[in-house]
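Chemist: Take a look at the following structure, please.
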2 protein chains.
Amino acid sequence: MGPRWKGKGFKAKALADPMSKVVLQLQSSLNQSNCEGFLCGCSVLLSVQAEQADLLNRSCFGEAMVTAEKDKQWFQLSLEEGFYLSYALKCLRIVEDKCLKSDEQLWQCMKSRSTLFPYFYKAYCHLRMKNWVVMSGITYGADFVAYRHHPELVHSEYAVIVSSEEEEGGANNRLRVWSDVHCATRLCGGVAKALLVLDISRNGHSADSLSCLESYTVKERTITRWNPEQCREDHTMVESENGAKEEI
Amino acid sequence: MGPRWKGKGFKAKALADPMSKVVLQLQSSLNQSNCEGFLCGCSVLLSVQAEQADLLNRSCFGEAMVTAEKDKQWFQLSLEEGFYLSYALKCLRIVEDKCLKSDEQLWQCMKSRSTLFPYFYKAYCHLRMKNWVVMSGITYGADFVAYRHHPELVHSEYAVIVSSEEEEGGANNRLRVWSDVHCATRLCGGVAKALLVLDISRNGHSADSLSCLESYTVKERTITRWNPEQCREDHTMVESENGAKEEI
């Protein structure tokens, strides 16, 4: 399907300002200021100065919150975003009840808030590492949506569902029956996205300790509806059983 | 949402020719000819004369099959359609391997072909009894779709998902997570249908014997997306906690 840019010249704009660079700038800026986030329910809250607020917005981490404070801007991060900045990029220290959390403590903590956290984080991290912008997919009935660049420039290309064949009922109980697969692919088709299923395999490791995370692997699959009319108009040639080519 | 008729005067046309009457005509015609269906995989096949073919088409049971036979028209019914004509309307005898099946034998047989048959049949029967036309919902990622009258006259009004709270993982593993609910309601909204969830309760009875079927109950729920903008434009009045009416 390819990216759908929102305006003329937006592709060039994105190429001139790669997401990897923006994230590096954010990482260095947060590191310099020794930034702290507060774990609060299923969110991580952090307050930043104007420059960092701009970088967070440009790299699409968290959502700016409306508060009465004038000189500080508060941001609300999801568990995955918070853990990614803290553990993968090492640029955010996360605190709960005035107590700084180690990576391992944070992993345990987030796991206890959301049983699917290990799968969702692995999927989030997998896409972010490849410089995709990853945001919540809830409005499209998915776990995430993935953008090639900032959502101001381009529409999201993938609706992402996180799955695990090892887990009873799947990581998140999705795509177990045909009607659900049809539902997801048809909805994705309607909003010009591809359905990307990230199948997380724990390879026999538990989620007990953070160290297991590195052993997890991710299998990517895209699913699209087969449109017989489209194929017909393409005059696709298929090979029939007796080896003769046939137009369908 | 209400019915969306496909043309001018189609509502009057439907009112003049109620579905209940067409089904009665089909019932009496099949009874007169002592019609037999053949259980074959997950379908029931039957061959009929022109008059019955017309009645099957008008009442939306099964699909006409393309064959080389000139004087007979073959129809392919789903398990639910076959069992409904046989058990509920008593106008079709069903045969497998030249052996006529009793109601109980047929129940066992269909259950063995599809583990969800008891739930799906209860849902199918529940809607048909109320004179809804019920067809496969697979293209909308649902179990069934329900039409107020013949699909030539009106668009389907409901996408139906069959559910059971008693069953581990649900009757069909759907709507267990928010992303699936969002997916289904958003898709339904896009194709101007309401999502109808039929929750089948076995009330402690097993599916072992056909006699249990009468003890099953059906709870109907429709789910729609809440659209805050729409409510805002409607100037909907809500009562706040202290009893004062407030515009949202």
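Chemist: Using only the alpha carbons of segment B:19-106, what is the convex hull's orientation-averaged projected area in square nanometres? If you can, show how the numbers build up before the last one.
Modeler: Details: hull surface 22.0 nm².
Its Cα hull, projected and averaged over all orientations, spans 5.5 nm².
Chemist: Can I ask one more? Taking 8 Å as the Cα distance limit and 6 or more residues as the minimum spacing, I'd like the relative contact order of segment A:115-225 as a percentage. Present the calculation step by step, with values, prior to reporting the outcome.
Modeler: On the way: 189 pairs, mean separation 25.4, N = 111.
Computed value for segment A:115-225: 23 percent relative contact order.
Chemist: For segment A:115-225, what are Rg and Dmax over the alpha carbons, in angstrom?
Modeler: Rg then Dmax for segment A:115-225, in Å: 13.9, 41.
Chemist: Summarise the partner chain shielding of B:172-178 as one whole number: the mean count of Cβ atoms from other chains within 10 Å of each residue's Cβ.
Modeler: Numbers: counts 5, 9, 7, 2, 7, 9, 4.
Neighbouring Cβ atoms belonging to other protein chains average 6 per residue here.
Chemist: Give the interface area between chains B and A as buried accessible surface, both sides summed, probe 1.4 Å, in Å² to the nearest 100.
Modeler: Accessible area lost upon association: around 1700 Å².
Chemist: Something else: Between B:K130 and B:K8, what length in nm is gained on full extension when 0.36 nm per residue of separation is reduced by their alpha carbon distance? Kindly include the intermediate steps, with their values, before the conclusion.
Modeler: Values: separation 122, 0.36 × 122 = 43.92 nm, distance 2.51 nm.
Full extension of this stretch gives 41.4 nm more.
Chemist: Continuing with this model, one more query. Evaluate the distance, in nm, between pseudo-label points positioned 7 Å from the Cα of A:L15 and of A:S33 along their respective Cα→Cβ axes.
Modeler: My value for the distance between the label points is 3.3 nm.
Chemist: Another question about this same structure. Leaving ligands, DNA and RNA out of it, work out the accessible area of B:K11 with a 1.4 Å probe and give it in Å² to the nearest 10.
Modeler: B:K11 exposes around 120 Å² with every protein chain in place.
Chemist: Oh, and also: Output the relative contact order of chain A, whole-number percent, from Cα pairs under 8 angstrom with separation of 6+ residues. Present the calculation step by step, with values, prior to reporting the outcome.
Modeler: Working: 404 pairs, mean separation 39.0, N = 248.
Dividing the mean separation by the residue count of chain A yields 16 percent.
Chemist: At 7 Å along the Cα-to-beta-carbon direction for both B:C212 and B:Q105, put a label point, then send me their distance in nm to one decimal.
Modeler: So the label points at B:C212 and B:Q105 sit 2.2 nm apart.
Chemist: Return, ordered by residue number, the residues of segment A:11-48 whose backbone nitrogen is under 15 Å from a label point located 7 Å along Cα→Cβ of A:V95.
Modeler: Output list for this probe position: A:33-40, A:44-48.
Chemist: Let me ask another. I need the calculated FRET efficiency for the pair A:A68 and B:R225, taking r as the beta carbon distance and R₀ as 56 Å, to the nearest 0.05.
Modeler: On the way: r = 32 Å, r/R0 = 0.58.
Computed FRET efficiency for A:A68 and B:R225 comes out at 0.95.
Chemist: Accessible area per residue, 1.4 Å probe, Å², for chain B: what's the number? Display every interim value, and only then the final one.
Modeler: Working: 12990 Å² over 248 residues.
Heavy-atom accessible area per residue stands at 52 Å².
Chemist: At what distance in angstrom do the alpha carbon centres of segment B:144-206 and segment A:119-181 lie from each other?
Modeler: Using only Cα atoms, the two centres lie 24 Å from each other.
Chemist: Can I ask one more? How are the Cα pair distances of chain A distributed, in percent, across 5 Å bins from 0?
Modeler: Histogramming chain A at 5 Å steps yields 1, 6, 12, 15, 16, 15, 13, 9, 5, 3, 2, 2, 1, 0, 0, 0 percent.
Chemist: Under the √(5λ) rule applied to the eigenvalues of the Cα gyration tensor, what semi-axes describe the equivalent ellipsoid of the protein assembly as shown? Give them in Å, descending. Show your work: numbers first, answer last.
Modeler: Numbers: eigenvalues 530, 131, 121 Å².
For the protein assembly as shown, the semi-axes come out at 51, 26, 25 Å.
Chemist: Once you keep just the Cα pairs under 8 angstrom separated by 6 or more residues, what percentage relative contact order results for segment B:69-174?
Modeler: Details: 111 pairs, mean separation 16.6, N = 106.
That works out to 16 percent.
The values are calculated or read from the model by the stated rules, or taken from the named source; none is laboratory data. Quick caveat: nothing in here was measured; it's all calculated off a predicted structure. With ideal geometry, Cβ positions are generated from the backbone for all residues, glycine too; neighbour counts draw on all protein chains shown. The area values use the complete protein model at the heavy-atom level, side chains included, leaving out ligands, DNA and RNA. Shrake-Rupley method; radii C 1.70, N 1.55, O 1.52, S 1.80 Å.
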